[in-house]
Structure formats: structure tokens, C-alpha cells
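To start, the structure under review is shown below, and the notes come after it.
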Amino acid sequence: AIDFTYPDKDGNKISLSSFKGNLVYVDVWATWCGPCIAEIPSLQKLEVDYHGKNIIFMSVSVDTDKETWEKMIQEKELGGVQLWADGWSKITKDYAIFGIPRFMLFDTSGNVISTNAPRPSSYNIRELLDANL
């Protein structure tokens, strides 16, 4: 996988590679994206259902307004690892992301399983996660 590093809401720099040893399900999204917002309840249910398993849920926001992003994290009680990419940055270029939401799955060795993984609202994501846990 092509590594990326972005700050979390506290300003800590977090990299994809820092989660080697875990399956990593990445959501690339934005607060202004209706389909992204529609996936939040399903993503939160996935996080609950897979709690304690060897999987990290990571959301990377391409918002440019940091305050709006921080406010939504708090209001929607977003879990997992929340990162701020500050616009269409490296991750969108490296993974050829032209539309959001985009979900990606990486294995425990940091290799790509899918750069177009099923959405949390799709039953197929559970099959894919279970097959790789």
C-alpha cells in the first residue's frame, strides 16, 4: 500500500503504516458529501459489531474546513481513527479517488486488499472482513 500520514483532531500525525498487524478499513469522506453521511450509521454499526477484533476503522476527511470536520466528529460521535487530509490531497492522488465516499481495505501486512471495498451499508463488506480476519 502507498502510505499516508495525516493529523487527527488533536494534531497527532497518524500513518496507515502505523497499524500494521491489523486489518485497516479506510473511509475517505467529507462533511459536505450526502452519500458519505448516509454511510455513517452503517459504519458505526460495523465498528460495534467488530469491536475487539483485529481491525482498525479509519476515516480520512477531505474537508478543507477543519472546524466543520471537528464539529461533525463530535456531533455524530464518530469513532475509529479520524484523520483530516485538508482537501483532495496525497491520498486521493495516490489511490486515484475522484469521488467519495471511497472505502479501502488493507491487510495485516499493509498490503492492499481492495481500493474500492464495499460500503458499510453493503452486506458484502462483512464477508470481505470475515474472510480476511
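Odds and ends about this structure:
- Taking the numbered list (1) open to solvent by less than 70 Å² (accessible area, probe 1.4 Å); (2) assigned to a loop (DSSP other than H, G, I, E, B) in turn, Gly52 passes all entries but (1).
- Qualifying residue in the stretch 57-68 (condition: more than 14 Å from the chain's Cα centre (by Cα), in contact (Cβ under 8 Å) with a residue 12 or more places away in the chain and in a loop (DSSP other than H, G, I, E, B)): yes
- Count of residues meeting criterion [crowded, with 18+ Cβ neighbours inside 10 Å and either without any contact (Cβ under 8 Å) to a residue 60 or more places away in the chain or not in a helix (DSSP H, G or I) (or both)] in the stretch 36-49: 1
- Residue list for the stretch 103-122, filter: open to solvent by 40 Å² or more (accessible area, probe 1.4 Å) and either within 12 Å of Asp27 (Cα to Cα) or not in a loop (DSSP other than H, G, I, E, B) (or both): Val112, Ile113, Thr115, Asn116, Arg119
- Any hit, the stretch 75-90, residues being assigned to a helix (DSSP H, G or I) and either more than 13 Å from the chain's Cα centre (by Cα) or touching a residue at least 60 places away in the same chain (Cβ under 8 Å) (or both): yes
- Filtering the stretch 81-102 to residues that are closer than 23 Å to Ser42 by Cα, surrounded by fewer than 18 Cβ atoms within 10 Å (Cβ to Cβ) and of a type in the set (Gly, Ala, Ser) leaves only Gly99.
The values are calculated or read from the model by the stated rules, or taken from the named source; none is laboratory data. From a predicted model like this one, the values you see are computed outputs, not experimental measurements. Cβ atoms come from the backbone with ideal geometry, glycine included; neighbour counts cover every protein chain shown. Ligands, DNA and RNA are excluded from the accessible area calculation, which covers all protein heavy atoms including side chains. Shrake-Rupley method; radii C 1.70, N 1.55, O 1.52, S 1.80 Å.
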